[in-house]
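Visitor: Have a look at this one.
The values are calculated or read from the model by the stated rules, or taken from the named source; none is laboratory data. Here the structure is a predicted model, which is why all the values come from computation and not from measurement. Note that we place each Cβ from the backbone using ideal geometry, even for glycine, and neighbour counts take in every protein chain shown. Accessible surface areas use protein heavy atoms only, side chains included; no ligands, DNA or RNA. Shrake-Rupley method; radii C 1.70, N 1.55, O 1.52, S 1.80 Å.
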Amino acid sequence: MPLSIGIVGLPNVGKSTLFNALTEKSVPAENYPFCTIDPSVGVVAVPDDRLEQLSRFSHSAKTISAAIEFVDIAGLVKGASEGEGLGNQFLAHIREVDAIAEVVRIFEDEGIVHVSGGVNPIDDIETINLELILADAQTVSKRLANIEKDVKRGDKAAVEEKTLLDGIEKTLLDGKFAASIAVRKQEALVLKKLSLLTAKPILYVLNKKAGARNLDETGNERFKKLTDFFNTIGAKWVVVDAGIEHELSGIGKDEREMFRKELGTREGSDGIGELIRASYDLLGLITYFTTGPDETRGWTIKHGSTAPIAGMAIHTDFRDKFIRAEVIACAELLAAGSIVSVREKGLLRTEGKEYIVKDGDVIEFKI
């Protein structure tokens with residue numbers, strides 16, 4: 001099952017339009033708050049030129065990309081942590097995702113109402129982040145109350161958890177994310193059970209619009225202030241024109257560059273591709289490949305996975321029945337020109353259970 005990214009933001013910032021562009025799936029994107037009441041889910045292919053190259057190399061009948069999952073979540077407003085708007089639904093749905101893509105509007109358009117009355121990206125970000133912090137503070141407070149009896153009777157695990165939660169509560173009340181706290185491995189397991197919103201990695205998606213006044217115009221001080229803000233907090237961000245990307249989503253790859261130039265996007269840009277790859281990196285994911293005449297496929301795994309764990313992406317039996325793996329880097333395989341050449345040159349490596357799979361490895365598992 002793919003790991004998931006929740007698309008969040010204030011109403012009317014382009015969340016559903018972006019989701020449509022990502023998935024070519026029809027979900028509501030009307031110009032009014034809370035049009036997306038139930039989350040929509042779409043599995044999205046991760047762009048990777050290596051996959052097509054390997055497929056041609058092996059003359060594969062099928063080509064299947066690595067994938068991640070995007071979830072379109074209802075718009076959030078100030079007071080969501082207290083139940084304002086669709087706050088309760090928003091918070092419940094976002095707890096279920098692995099990371100957050102926070103859409104921030106950086107264009108001004110009188111025809112599209114801004115829920116706060118005007119476009120101010122930093123204020124929008126601070127509004128959403130404060131709601132996440134307040135919601136987490138409530139979660140931590142409730143958990144502290146639940147373990148109070150165990151702490152009083154001296155339960156060691158409860159005492160250790162209280163120490164951790166006290167530190168998290170102080171951090172949240174100071175206006176900082178839970179992710180800013182360094183935790184030990186055992187503490188991380190406790191933290192994971194709480195599903196804290198501010199413990200999830202965040203990617204900021206700056207939504208611009210062709211033909212409108214955008215904050216990322218050359219020399220724009222407001223945009224520089226925004227990027228300085230991101231640099232200060234160590235945040236990751238990408239710029240996407242959700243409207244154009246949605247228009248281009250149904251057009252063939254060869255035609256897209258021509259339309260991008262006509263619509264005024266920068267040459268060679270692929271906003272959606274950049275967003276997907278940035279989301280993939282945010283989750284700490286890499287891709288390895290299997291290839292042959294029947295199929296070439298990219299497999300999604302966590303960075304640092306051993307060969308048996310990586311094999312579980314194909315089938316759970318690959319972990320317990322793993323014997324060895326034959327491995328070669330994708331670039332090395334393509335440069336060799338053929339499997340025969342690979343074997344003649346002795347380029348294929350045999351790796352055991354302790355091998356850490358690298359991004360771009362081409363693997364054949366032996367079980």
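Visitor: Past 25 Å, Cα to Cα, is the threshold; run K321/K358; K62/K353; K193/K225; K170/K200; K345/K366; K15/K200 against it and keep the listed order.
Guide: Pairs exceeding the cut-off: K62/K353; K193/K225.
Visitor: For W299, W237, give me the order by solvent-accessible area with a 1.4 Å probe, most accessible first, ignoring ligands, DNA and RNA.
Guide: W237, W299
Visitor: Over region 304-366, with the other protein chains present, what is the accessible area per residue in square angstrom, probe 1.4 angstrom?
Guide: 54 Å²
Visitor: Given Cα pairs under 8 Å that are at least 6 residues apart, what percent is the relative contact order of region 304-366?
Guide: Averaging sequence separation for qualifying contacts and normalising by length gives 51 percent for region 304-366.
Visitor: For labels at K142 and A329 in the simple 7 Å Cα→Cβ model, what's the distance in nm?
Guide: 4.9 nm
Visitor: Another one. Sorted by accessible area with a 1.4 angstrom probe, largest first, how do T163, T23 fall? Please report the intermediate quantities before stating the final value.
Guide: Values: T163 95, T23 30 Å².
From most accessible down to least: T163, T23.
Visitor: Please report the carbon-and-sulfur percent of the accessible area for region 304-366; probe 1.4 Å, protein heavy atoms only, DNA, RNA and ligands left out.
Guide: On the way: 1810 of 3410 Å².
Reported share for carbon and sulfur atoms: 53 percent.
Visitor: Residues with beta-carbon under 10 Å from that of I181, excluding I181: net charge, scoring Lys, Arg +1 and Asp, Glu -1?
Guide: +1
Visitor: Oh, and also: Suppose each label sits 7 Å from its Cα in the direction of the beta carbon; what would the R222-H59 distance come out to in nanometres?
Guide: 5.8 nm
Visitor: Ignoring any ligand, DNA or RNA, what whole percent of the accessible area of region 180-253 comes from carbon and sulfur when the probe is 1.4 angstrom?
Guide: About 54 percent, which is the carbon plus sulfur part of the accessible surface.
Visitor: Could you please report the charge total around V240, scoring K, R as +1 and D, E as -1 over all other residues with beta-carbon less than 9 angstrom from its beta-carbon? Numbers along the way, then the final one.
Guide: Details: positive: K208; negative: D241, E245, E274.
Net of charged neighbours comes to -2.
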